[in-house]
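Please see the structure below; I have some questions.
Just so it is clear, none of the values below were taken in a lab; they were calculated from the coordinates. Since the model is a prediction, treat every value here as computed from it, not as a measurement. Neighbour counts run over all protein chains shown; Cβ positions are idealised from the backbone, glycine included.
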Amino acid sequence: MHSSLQCYRAQGKEITLILKEAQLNFDTEDYAHAWPLYRKVLKLDPKNEKAGVNAAISLFKLNFVTDSMVLLVQNLTSSQLPDAKYYFAKIEHQLRHFDEAIALLEKYGKDSPKKRLHTAEEVAYLTEVVKNAKLFITSPHRSVIKNMGPEINSSAPDYVPVIVPDENTIYFTSRREGSSNNVKDAAGHYHEDIYVSTKEDDKWKKASNIGPPLNTETNDACVSVSPDGQSMIIYRTAADLVTGDLYLTRMAADGKWETPVKMGREINSQFIETSACFTSDTGIIYFSTNRPGGYGGKDIYRLKRLPNGKWAMPYNLGPNVNTKYDEDAPYMHPDGTTLYFSSKGHNTMGEYDVFKSTLDEIGNQFSKAENLGYPINNVGNDIFFIMSVDGQRGYYSSIKEETFGDNDIYEVDTRFGDNDLKVKHGIVFKNGVPGRVKITLLDNEGNSVNGMYFSNPKTGKFILVLNPLKSYKAIVESEGYITSVLEIEPLAFSKEDKDLEIKLEKK
């Protein structure tokens, strides 16, 4: 009897010590280390309420929400610990048990405010999100989604796909082993690095680390590539791994990326700017920021280049796009009017959903945001969506059943696309040698600028995004060379689909 009592006390002391360590990790949001400690406690004491609740919350935070959690949820939904019902409702939502989630939120809402850590407004928001998910899943769009496979994805988080318009090169961000010389952050994650893959025989090659000067010992993420593929915007954190800024890099004459330069104060501020994108003529940049003066959380702004080459003041896109919640990951389609972005507001069905909004003919007002629906969007984070030039394929980051372990990059056959833009390839020679030139694309109907492109400085190759029913005028310029003007007939009426060839002669 005495021996059993000693054993019980020893076990109780061990549980107390493990719980203390687990709670320290939990309170600092280090759920990756908290979860195995709570699991250890539950093996010693399966009825330990504190360990059970926090174990479930840790798994939820780590995106490990599976049906195996159902029993844990059912056993603990009667818990009187603060926020237990709220988090279990979120777990039921992730498991698509929508009616159960709504019932839990109703019970949670009736608890005394003193027992709740979440406000009535937060409960109402989550209830609406669950109802949205239930509605969207019952009326799915005709979309086919596939994981981009092991050549692109890994068991670590892979996200932010950025694809050159001809869809033969993809840049993306990954936290896989080997990133930043295997340096990890406090939570045990490898730092972000930029990776690249190209197509060969219509198949993606194994992605490789793009290396310096784009990747450093801190977090580096590619967020946008210009339509010609010659400029890139990256997000880089400071040494503290918390603050960060947007940088711009260009491809040099030898075909390598130049050292990134921090973008100006028009974009970067003392607040958070994590994503941005170019327009076709590179005269406008859309970016997200949580700076004061917006609608709440992160908002999307537009920055326009003035005739003198300087940037105007940032312009908030307004309530049709922005909400009091977070908006992020803007992507302006090459058509110049369709903006894709992700939001935790509007009628999201869970965390970030992908939305689109269309710019009016005047170029001032965006339409009310439209949710792309299920199955593109799901109950988790769906973000960093980009659309192919012809509007038939999309690429984005998500966590789905078909995964290699965490956030993966997916390709979606959208079917709803009605965009007829096409990509036209070409090559330019300067005195017989491939080189870098600027190509200004004008609409022959109104002589307005439709895009600005640069050829690859090493290969001389370039791509143009064209409406196949329109004719264009391309002005090809390079310092010290005679300017060339090329007439491009509508591709739809062209008998041959040959690549363009441009030759410049010295002055």
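Amide H to amide H under 5 Å from Ile502: which residues, 5+ apart in sequence or cross-chain, H placed 1.01 Å off N in plane?
Result for Ile502 returns Ile427, Val428, Phe429.
Please list, ordered by chain and number, the residues whose modelled amide H lies under 5 Å from the amide H of Arg393; skip anything fewer than 5 residues away on the same chain.
For Arg393, whose amide H was placed from the backbone, the distant partners under 5 Å are Ser388, Thr414.
Full extension from Asp499 to Ser143: what is 0.36 nm times the residue separation minus their Cα-Cα distance, to one decimal in nm? It would help to have the intermediate numbers written out before the result.
Numbers: separation 356, 0.36 × 356 = 128.16 nm, distance 3.21 nm.
Result: 125.0 nm gained on full extension.
Can you tell me what percent of all Cα-Cα pairs in segment 422-504 are more than 18 Å apart? Kindly include the intermediate steps, with their values, before the conclusion.
Numbers: 1240 of 3403 pairs.
That tail contains 36 percent of the Cα-Cα pairs.
Please turn the phi angles of segment 383-399 into ³J(HN,Hα) values with the Karplus equation 6.51 cos²θ - 1.76 cosθ + 1.60 (θ = phi - 60°), one per residue in order, whole Hz, x for glycine and proline.
7, 6, 8, 10, 10, 5, 4, 7, x, 9, 9, x, 9, 6, 9, 6, 10
In addition: Sort Trp35, Trp311 by Cβ crowding within 10 Å, fewest neighbours at the top.
So the ranking, lowest neighbour count to highest, is Trp311, Trp35.
Kindly express, to the nearest 10 degrees and within the range 0 to 90, the angle between helix 120-137's C-alpha long axis and the longest C-alpha principal axis of the chain.
60 degrees
Now, a different point. Among all the aspartates and glutamates, which ones have a C-alpha under 13 Å from Lys107's C-alpha, if same-chain residues fewer than 8 places away are not counted?
Asp83, Asp99
Would you kindly derive the ³J(HN,Hα) couplings of segment 375-382 from the backbone phi angles with the Karplus curve 6.51 cos²θ - 1.76 cosθ + 1.60 (θ = phi - 60°), listing them in order in whole Hz, with x for Gly and Pro?
x, 4, 8, 9, 7, x, 7, 10
For Ser398, enumerate residues with amide H under 5 Å from its amide H, sequence gap 5+ or separate chain, H modeled in the peptide plane.
Sorted by chain and number, the residues that satisfy this are Asp408, Tyr410.
Could you tell me how many degrees, from 0 to 90 and to the nearest 10, lie between the Cα long axis of helix 98-110 and the main elongation axis, the longest principal axis, of the Cα atoms of the chain?
Tilt of helix 98-110: around 60 degrees.
Where the centroid of each part is defined by its Cα atoms, how far is segment 171-217 from segment 417-484 in Å?
Answer, in whole Å: 31.
Right, here's the next one. When the chain is fully extended, how far beyond the present Cα-Cα distance does Lys131 get from Lys470, taking 0.36 nm per residue of separation? Walk me through the numbers on the way to the answer.
Working: separation 339, 0.36 × 339 = 122.04 nm, distance 4.46 nm.
Extending this stretch completely gives an extra 117.6 nm.
Ok, one more. Taking a cut-off of 22 Å between Cα atoms, list the lysines near Lys400, but don't count ones fewer than 8 places away on the same chain.
Leaving aside lysines fewer than 8 places away in the same chain, those within reach of Lys400 are Lys61, Lys90, Lys131, Lys134, Lys146, Lys206, Lys344, Lys356.
Further question on the same structure: From the cross-link list Lys47/Lys110; Lys184/Lys324; Lys298/Lys424; Lys304/Lys424, which pairs have alpha carbons spaced over 31 Å apart?
Details: Lys47/Lys110 26 Å; Lys184/Lys324 33 Å; Lys298/Lys424 36 Å; Lys304/Lys424 27 Å.
Pairs exceeding 31 Å: Lys184/Lys324; Lys298/Lys424.
Ok, one more. Over the Cα atoms of segment 83-220, what radius of gyration and what Dmax do you get, in Å?
21.1, 63
Can you give me the Cα centroid spacing of segment 261-284 and segment 321-342 in angstrom?
Here the answer is 14 Å between Cα centres.
With angles folded into 0 to 90 degrees, how steeply does helix 2-27 sit against the dominant principal axis of the chain? Use alpha carbons for both and round to 10.
Computed tilt is about 30 degrees.
What residue among Thr243, Pro140, Ser154 has its Cα farthest toward the positive end of the dipole of the chain, where the charges are +1 on Lys, Arg and -1 on Asp, Glu, each on the Cβ?
Thr243
Could I ask something else about it? For segment 337-418, go through all pairs of different Cα atoms, get the mean of 1/r, take its inverse, and jot down that Kirkwood value in Å. Numbers along the way, then the final one.
Details: mean 1/r = 0.0755 Å⁻¹.
So the Kirkwood estimate lands at 13.2 Å.
Could you give the Stokes-Einstein D for the chain in µm² per second, using the C-alpha Kirkwood radius, 20 °C, 1.002 mPa s?
85 µm²/s
In terms of Cα to Cα distance under 12 Å, which aspartates and glutamates are near enough to Lys422, apart from those fewer than 8 places away along the same chain?
List returned: Asp166, Glu167, Asp335, Asp390, Asp497.
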